[in-house]
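Quick notes on the structure that follows.
The values are calculated or read from the model by the stated rules, or taken from the named source; none is laboratory data. Just so we're clear, the structure is a prediction, and the values are computed from it rather than from any experiment. Glycine also receives a Cβ, built like all others from the backbone with ideal geometry; neighbour counts cover every protein chain displayed. Heads up: the accessible areas ignore ligands, DNA and RNA and are worked out on the full protein's heavy atoms, side chains in. Shrake-Rupley method; radii C 1.70, N 1.55, O 1.52, S 1.80 Å.
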Amino acid sequence: MSGPNVYTDVATPKRTRDIIAKYGFSFKKSLGQNFLIDQNILRKIVSAAELDESKGALEIGPGIGALTQQLAQAAGRVTAVEIDDRLIPILRDVLADRPNVHIEHGDVLKLNLNQLIERQFAGLSGVSVVANLPYYVTTPILMKLLEEKLALEHIVVMIQKEVAQRMAAKPGGKDYGSLSVAVQYYCEPELVCIVPHTVFIPQPNVDSAVIKLTVRQKPPVEVADEAHYFRTVQACFAQRRKTIANNLTAFVGKAHRELLGPLLQSCGIDPSRRGETLSLAEFAALSRALLDAGLPDHEAGL
Ligand code: SAM
């Protein structure tokens with residue numbers, strides 16, 4: 001291994017092991033380090049992101065650069081944020097022949113991503129997040145991307161299979177919950193593929209999935225107060241076996257219990273239903289009705 005060009009396609013078992021040995025790298029489980037060693041899966045991820053020369057790709061957790069290499073070929077510019085300082089020199093080496101890649105050393109949860117996107121992708125026609133995410137922080141990372149309302153087109157990420165299924169779940173099933181509502185409020189989810197744990201070094205204990213989230217220009221439902229909407233959703237799922245009327249009693253306080261039946265009926269919602277059967281639009285109607293009725297909410301204890 002002498003020049004950077006020999007690193008073309010690091011995502012094979014042999015090349016990944018060679019690089020790890022060359023740099024004496026040891027995996028940190030605490031950082032969710034499972035590196036992809038399958039070119040086919042990489043191709044599926046990159047193609048789902050609909051990149052071209054005019055687009056930017058923001059990668060979170062590049063590892064030793066397996067996905068970064070493919071993104072550099074497909075996109076105009078790539079910025080890859082990596083927390084582990086031991087990986088920075090490896091990435092610089094592996095990606096030495098990719099002038100359109102910028103490596104940012106930092107914790108994605110602490111970075112000002114709006115500023116980073118403005119700085120790195122100015123002049124491009126769109127930016128997407130494309131990543132094989134560290135599983136221990138999947139939800140906080142995705143919620144940060146969504147709640148900060150970053151100017152993104154798509155978010156294409158490899159995550160734990162169960163989390164992907166919850167994000168894409170429709171009302172009525174066991175997978176549908178507050179994460180489904182939050183993700184679907186901001187995005188249109190699409191499950192791209194299920195990925196076996198055998199395509200990583202080291203192998204994680206769980207299977208994974210690639211999910212594509214197409215960021216909506218505007219939410220699919222009109223909401224009077226977003227923070228209240230999400231508190232209402234949380235409240236309805238607080239105890240999944242309980243009816244909405246019972247969960248909402250804890251939310252508005254026992255003193256207002258009697259008001260809940262008629263209020264739910266006025267929204268066309270049977271009080272004996274469970275949270276997992278409510279659509280985004282029904283949650284929006286419910287949140288609006290609670291606000292209009294001036295009912296307090298008791299966030300604590302949910
Ligand atoms: N992209 C590589 C691949 O597909 O082979 C590596 C993916 S590995 C699942 C997750 C990567 O995220 C690791 O390189 C890890 O060091 C990095 N990471 C973990 N927590 C992070 C954080 N808070 N901010 C940025 N990177 C993080």
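When you restrict to C-alpha pairs under 8 Å that are six or more residues apart and normalise by the size of the chain, the relative contact order lands at 15 percent.
Rounded to the nearest 500, what is the 222 nm mean residue ellipticity of the chain from helices alone, with -39500 (n - 2.57) per DSSP H run of 4+ residues and division by all residues? Intermediate results must be reported in sequence, preceding the final value.
On the way: 12 runs with 116 residues, N = 302.
Only helices count here, giving -11000 deg cm²/dmol.
For the chain, the longest principal axis of the alpha carbon atoms and the long axis of helix 257-266 meet at an angle near 80°.
Computed over the alpha-carbon atoms, segment 4-215 gives an Rg to Rh ratio of 0.94, Rh here being the Kirkwood radius from the mean inverse distance. Surface composition of the chain: carbon plus sulfur atoms contribute 49% of the solvent-accessible area (1.4 Å probe, protein chains only, all chains present).
Report relative contact order for segment 185-225 in percent, whole number only (criteria: Cα-Cα under 8 Å, sequence separation at least 6).
Relative contact order, segment 185-225: 50 percent.
Once the Cα-Cα distance is subtracted from the 0.36 nm per residue extended length, the Gln265 to Ser279 segment shows a gain of 3.5 nm. Against the chain, whose longest principal axis comes from its Cα atoms, helix 13-23 is set at around 70 degrees. A Förster radius of 41 Å, combined with the Cβ-Cβ distance separating Ala96 from Leu291, puts the computed FRET efficiency at roughly 0.15. Think of a 1.4 Å ball rolled over the protein heavy atoms: the chain then has 45 Å² of accessible area per residue.
Could you work out how far the C-alpha centroid of segment 242-282 sits from that of segment 104-134, in angstrom? Here the two parts' Cα centres lie 40 Å apart. Distance between the 7 Å Cα→Cβ label points at Arg241 and Val206: 2.3 nm. Counting heavy atoms of the protein chains alone, Cys193 has an accessible area of about 20 Å² for a 1.4 Å probe.
Using the alpha-carbon atoms, what tilt in degrees (0 to 90, nearest 10) does helix 39-48 show relative to the longest principal axis of the chain? It works out to around 50 degrees.
Can you give the FRET efficiency for Arg257 and His228, using 1/(1 + (r/R0)^6), R0 = 22 Å, r = Cβ-Cβ distance, to the nearest 0.05?
0.70
Pairs from the table (Lys174/Lys212; Lys55/Lys218; Lys161/Lys242) lying more than 23 angstrom apart at Cα are Lys161/Lys242.
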